[in-house]
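For reference, the structure is listed below as structure tokens.
The values are calculated or read from the model by the stated rules, or taken from the named source; none is laboratory data. For clarity, every value in this text was computed on a predicted model and none was experimentally measured. Here the Cβ positions follow ideal geometry from the backbone for every residue, glycine too, while neighbour counts run over all protein chains shown. Accessible surface areas use protein heavy atoms only, side chains included; no ligands, DNA or RNA. Shrake-Rupley method; radii C 1.70, N 1.55, O 1.52, S 1.80 Å.
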Amino acid sequence: MADERDDENSVFETAAELFGLLSTPVRLKIISAVCNGERNVSDLLAQIDTTQPNMSQHLATLYRAGVLGRRREGTQIYYRLQSERVATLCRAVCTQVAMELDGNDAVPASDRLLRTGPR
């Protein structure tokens with residue numbers, strides 16, 4: 001019983017760490033940008049509204065966590081998606097949220113991630 005509880009706690013702790021890693025819009029945008037191929041920092045800055053130092057900090061965090069891989073070509077560093085499970089999770093959550101923000105009535109109220117109406 002204690003082993004099962006430890007396993008369950010480990011699952012929730014790992015999931016919380018992953019959600020914490022993905023808890024900033026800039027990181028979600030970075031993941032979305034590299035889903036279809038490598039991007040260098042200049043490409044990412046053209047696509048994502050943030051400063052170069054802030055971008056570098058988020059890229060380093062995602063790289064250290066194993067979400068992104070990178071390679072150097074001359075003076076450029078190219079980033080690519082390293083973790084398909086993170087991409088799958090991001091796609092699922094962002095697609096669900098987008099459907100709800102679009103007012104898609106096909107999503108039953110009980111299945112919605114976003115609250116509608118009074119809290």
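Do the conditions hold for Arg71, that is, is it in contact with a helix residue (DSSP H, G or I) (Cβ under 6 Å, 6 or more places away or on another chain) and either at pLDDT below 90 or not acidic (Asp, Glu) (or both)?
Numbers: in contact with a helix residue (DSSP H, G or I) (Cβ under 6 Å, 6 or more places away or on another chain): no; either at pLDDT below 90 or not acidic (Asp, Glu) (or both): yes.
Spelling it out, it is not the case that Arg71 is in contact with a helix residue (DSSP H, G or I) (Cβ under 6 Å, 6 or more places away or on another chain) and either at pLDDT below 90 or not acidic (Asp, Glu) (or both).
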Exercise for the section: Within region 70-96, count every residue that is touching a residue at least 60 places away in the same chain (Cβ under 8 Å) and open to solvent by less than 40 Å² (accessible area, probe 1.4 Å). Expected result: 2
Practice task
Answer yes if at least one residue in region 29-37 is of a type in the set (S, T, N, Q), open to solvent by 40 Å² or more (accessible area, probe 1.4 Å), modelled with pLDDT under 85 and touching an Asp or Glu at 6+ places or on another chain (Cβ under 9 Å), and no otherwise.
Solution key: no
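Can you tell me which residues in region 27-69 are assigned to a loop (DSSP other than H, G, I, E, B), touching a residue at least 12 places away in the same chain (Cβ under 8 Å) and not β-branched (Val, Ile, Thr)? Spell out how you get there, then give the answer.
Of the residues in region 27-69, the ones assigned to a loop (DSSP other than H, G, I, E, B) are 35-38, 48-51, 65-67.
So of that shortlist, the ones also touching a residue at least 12 places away in the same chain (Cβ under 8 Å) come out as 35, 37-38, 48, 50, 65-67.
Selection gives Cys35, Gly37, Glu38, Ala65, Gly66.
Which of the residues belonging to region 45-64 are open to solvent by 60 Å² or more (accessible area, probe 1.4 Å) and either of a type in the set (D, E, K, R) or under 20 Å from Cys35 (Cβ atoms) (or both)? Spell out the reasoning first.
As a first pass, look at region 45-64 and keep what is open to solvent by 60 Å² or more (accessible area, probe 1.4 Å): 46-47, 49, 51-53, 57, 63-64.
Once the filter is applied, which keeps residues that are open to solvent by 60 Å² or more (accessible area, probe 1.4 Å) and either of a type in the set (D, E, K, R) or under 20 Å from Cys35 (Cβ atoms) (or both), region 45-64 yields Ala46, Gln47, Asp49, Tyr63, Arg64.
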Exercise for the section: Sort out which residues of region 70-95 are closer than 21 Å to Glu17 by Cα and in a helix (DSSP H, G or I), and write them in order of number. Expected result: Glu84, Arg85, Val86, Ala87, Thr88, Leu89, Cys90, Arg91, Ala92, Val93, Cys94
Exercise for the section: Within region 11-26, work out how many residues are assigned to a helix (DSSP H, G or I), hydroxyl-bearing (Ser, Thr, Tyr) and open to solvent by less than 60 Å² (accessible area, probe 1.4 Å). Expected result: 0
